[in-house]
1. Within the range 392-402, can one find any residue that is open to solvent by less than 10 Å² (accessible area, probe 1.4 Å), among the β-branched types (Val, Ile, Thr), closer than 30 Å to residue 432 by Cβ and in contact with a Lys or Arg (Cβ under 8 Å, 6 or more places away or on another chain)?
2. Within the group 235, 294, 301, which residue is open to solvent by less than 50 Å² (accessible area, probe 1.4 Å), hydrophobic (A, V, I, L, M, F, W, C), assigned to a loop (DSSP other than H, G, I, E, B) and out of contact with any His (no Cβ under 9 Å at 6 or more places or on another chain)?
3. Could you tell me which numbered condition residue 197 fails, if it satisfies all but one of (1) in a helix (DSSP H, G or I); (2) open to solvent by 10 Å² or more (accessible area, probe 1.4 Å); (3) in contact (Cβ under 8 Å) with a residue 24 or more places away in the chain; (4) closer than 30 Å to residue 82 by Cβ?
4. Scan 368, 364 and give me the residue that is without any contact (Cβ under 8 Å) to a residue 40 or more places away in the chain and surrounded by fewer than 17 Cβ atoms within 10 Å (Cβ to Cβ).
5. For the range 65-79: of the residues being within 18 Å of residue 120 (Cα to Cα) and in contact with a helix residue (DSSP H, G or I) (Cβ under 6 Å, 6 or more places away or on another chain), which is modelled with the lowest pLDDT?
6. Would you pick out the residues in the range 27-43 that are more than 19 Å from the chain's Cα centre (by Cα), closer than 25 Å to residue 186 by Cα and not in a helix (DSSP H, G or I)?
7. Could you count how many residues in the range 58-80 are assigned to a helix (DSSP H, G or I) and touching a strand residue (DSSP E or B) at 6+ places or on another chain (Cβ under 9 Å)?
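The values are calculated or read from the model by the stated rules, or taken from the named source; none is laboratory data. Since the model is a prediction, treat every value here as computed from it, not as a measurement. Because the Cβ atoms are built from the backbone with ideal geometry, glycine has one as well, and the counts that use them run over all protein chains shown. We work out accessible area using only protein heavy atoms, side chains counted, and drop any ligands, DNA or RNA first. Shrake-Rupley method; radii C 1.70, N 1.55, O 1.52, S 1.80 Å.
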Amino acid sequence: MEKVIIIGAGVAGVNAATKLVDNGYPGEKITIIDMGNDPYNRKPEEVMTGFMGAGGWSDGKLTYHTAIGGHMSKYCGEEKAMELMDQVIENFRRFHPKPEVIQCSHPVEEPEFIKPYFGLRLFPVWHIGTDYLHEIGKTWYDYLCNKGVKFHWNTKVTNVFPRREEVSYIHTHKDGRKGGGLISYDRLIFGVGKSGIDFGKKIIESNNYPTEPKPVQIGVRFEAPQKHFQKLIDISYDFKLYRKFEDKGVSLRSFCTNNNAAFVAVEETYGDHSYNGHAKKDEAYRNNMTNFGILMEIRGIDKPFDWSREAVKKLQVNGTGTYYSPSHRVPSKTSEGEYVKTHVVNSLDPLYDAIGDNAVYIEDFIEDMTKVFPTLGNDWGVYMPEVKYLSPEPLVDYDNLALKEVPNIHFVGDALSARGITVSGAQGTYVAEDIIKNHKSELFFHLEDGNYIGGLTMPKK
């Protein structure tokens, strides 16, 4: 029986483990390692690490389309990709304390007032409810523990040794003491989140595994009163505005829209601050605000990961990111009632300093939004930066997402350029299905009392 090690307890890793134990795979053979905490001890401000990762812990919207959130259909085809996404959504449903509140929005017609300035991607979205995610996490975690899955919390994997089939780790005890060791594996699922992208890059580069280059993805988190966008929100709650400049190798899209009770959140990665957003379902949190990312994809940049890291550093002032509002709106408050940690600046000049003339695309995007939504004017602010760190994507076998060079190491989630909860979970499930297939083959030829279940016989000793 293969010993499965999963690095990262995010949506990809958790769905992989769930698929395995649901199909009779012994939980005792599965170990999940994560730098953060279990859902009972994970604090709200711990947005980057811990059970269910960053997205599964803070974003209750599951996109339901193969063109959104990263690659899946390119590996397995459209029909299979949607089937895998269904399984992810069903997991959120089965562990939900009130599954009857889950709804799916499905806008179908692009409004005329958008067309002169933006494209608008319309696709189904399952609304799980951000307020329920922590309870979902606890129930889901209990299920896996009861099935025998082992978890190592506050534990950082420091290296992977493919030839020895071992990983090294450092564990931080509650009193601050540190200890380390080695864990062997037969299968390794590499499902690190955004905070571990540099580690994945290190593993790939140190072993000279072949890769395909990825573009830079960087921008801002835009925030304004919801009333300005209501006519579009009524059509598409999680709207995706986009535009492309093919000759320049640049495209832009709005990303991760939050409404009603919408809050901006600080993410700390590699010691620097960037911004994201989330929404609460509880009416008690309503602030009538909207926030979304304006994310720019820039192709053709050498070493995009390093370029992004340097750009983010240029937007740090006094230990945090920056904020600009042309009408001098003050930064908003978090869902905990504290002002978002940021440094106020008087212009978009820091953005130009960080990403050069590419900033003009973001400025034009905002300018055209004021034309589409005429009441918006200068009643907005931007938190800088929002960033998706993408290291070169390892070349994998499309049948099981295993490295071309090492067939028992599988890359999933952010480590394989997934940009959404549903796609990340689908990738983890896809790998688990491959392990199950091999597990069943092993059972088929299992020797029992001198007889192979497959029908062959062996003499008894």
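1. In the first step, residues of the range 392-402 are kept if they are open to solvent by less than 10 Å² (accessible area, probe 1.4 Å); the result is 393-394, 396, 401-402.
Checking the rest, the ones that are also among the β-branched types (Val, Ile, Thr) come to 396.
Restricting the remaining residues to those that are closer than 30 Å to residue 432 by Cβ gives 396.
Restricting the remaining residues to those that are in contact with a Lys or Arg (Cβ under 8 Å, 6 or more places away or on another chain) gives 396.
Scanning the range 392-402, I find at least one residue that is open to solvent by less than 10 Å² (accessible area, probe 1.4 Å), among the β-branched types (Val, Ile, Thr), closer than 30 Å to residue 432 by Cβ and in contact with a Lys or Arg (Cβ under 8 Å, 6 or more places away or on another chain), so the answer is yes.
2. None of the other options fit; the residue is 301.
3. (2)
4. Numbers: 368 fails: without any contact (Cβ under 8 Å) to a residue 40 or more places away in the chain.
None of the other options fit; the residue is 364.
5. Looking at the filtered set, the residue picked out is 69.
6. Going residue by residue through the range 27-43, those that are more than 19 Å from the chain's Cα centre (by Cα) are 27-31, 40-41.
Remaining after also requiring closer than 25 Å to residue 186 by Cα: 27-31.
Scanning the range 27-43 gives 30, 31.
7. Qualifying residue count for the region: 2.
One line per residue, one yes/no per condition, for (1) surrounded by 15 or more Cβ atoms within 10 Å (Cβ to Cβ); (2) free of Cβ contacts under 8 Å to residues at least 60 places away in the same chain; (3) in contact with a helix residue (DSSP H, G or I) (Cβ under 8 Å, 6 or more places away or on another chain):
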position: 311; (1), (2), (3): yes, no, yes
position: 315; (1), (2), (3): yes, no, yes
position: 320; (1), (2), (3): yes, yes, no
position: 333; (1), (2), (3): no, no, no
position: 340; (1), (2), (3): yes, no, no
position: 351; (1), (2), (3): yes, no, yes
position: 359; (1), (2), (3): yes, yes, yes
